[in-house]
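Structure first, commentary second.
Nothing in this text is a laboratory measurement; each read-out follows from the coordinates by a stated rule. Every value quoted in this text rests on a predicted model; they were computed, and no experiment measured them. Using ideal geometry, Cβ is built from the backbone for each residue, glycine included, and neighbour counts are taken over all protein chains shown.
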Amino acid sequence: MRCSGPFSSRRASWVHVAGGWWHAAGLILGALLWWLGVAGGQPQATAVPTWQLVVGGFFVGYGARLGNGCTSGHGICGLGSLQLPSLMAVATFMGTAFLTANLAARWLP
């Protein structure tokens, strides 16, 4: 059994392509509903420079490729199907997150 993702299937059948499009449409619709419901339809902004967002995106993509999946994929699908590699990946992700949060809380203003 495969877990579902935006374009997780490597086969080119119309069912998998259509499923990928449904996921993409759900991402867009979810963002629209959040924008209208939570943000009140007001433009949102961040103080993070664009170049840092782009570099962060590359790091996330590289990490997902290196870890053979994203954190939520390992956490939801991998642990749900009792996969030992996913357990190890989630433990690594969580340990790194705890360490980073504690270091950031201690040394950042």
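Enclosing the Cα atoms of segment 46-109 in their convex hull gives a volume equal to 102 cubic angstrom per residue. Projecting label points 7 angstrom from Cα along Cα→Cβ for Ala45 and Ser81 puts them 4.5 nm apart. By the count of neighbouring beta-carbon atoms within 10 Å, fewest first, His74, His23 end up ordered His23, His74.
Note that segment 37-49 has calculated 3J(HN,Hα) couplings of x, 8, 8, x, x, 8, x, 10, 9, 10, 8, 6, x Hz, one per residue in order, obtained from phi through the Karplus relation 6.51 cos²θ - 1.76 cosθ + 1.60 (θ = phi - 60°); glycine and proline are x.
Couplings 3J(HN,Hα) for segment 29-34, derived from phi with the Karplus relation 6.51 cos²θ - 1.76 cosθ + 1.60 (θ = phi - 60°), are 5, x, 5, 5, 5, 5 Hz, where x marks Gly and Pro. Each residue of segment 97-104 is assigned a 3J(HN,Hα), and the resulting list reads 5, 4, 4, 4, 4, 5, 5, 5 Hz, derived from the Karplus form 6.51 cos²θ - 1.76 cosθ + 1.60 (θ = phi - 60°), x at Gly and Pro.
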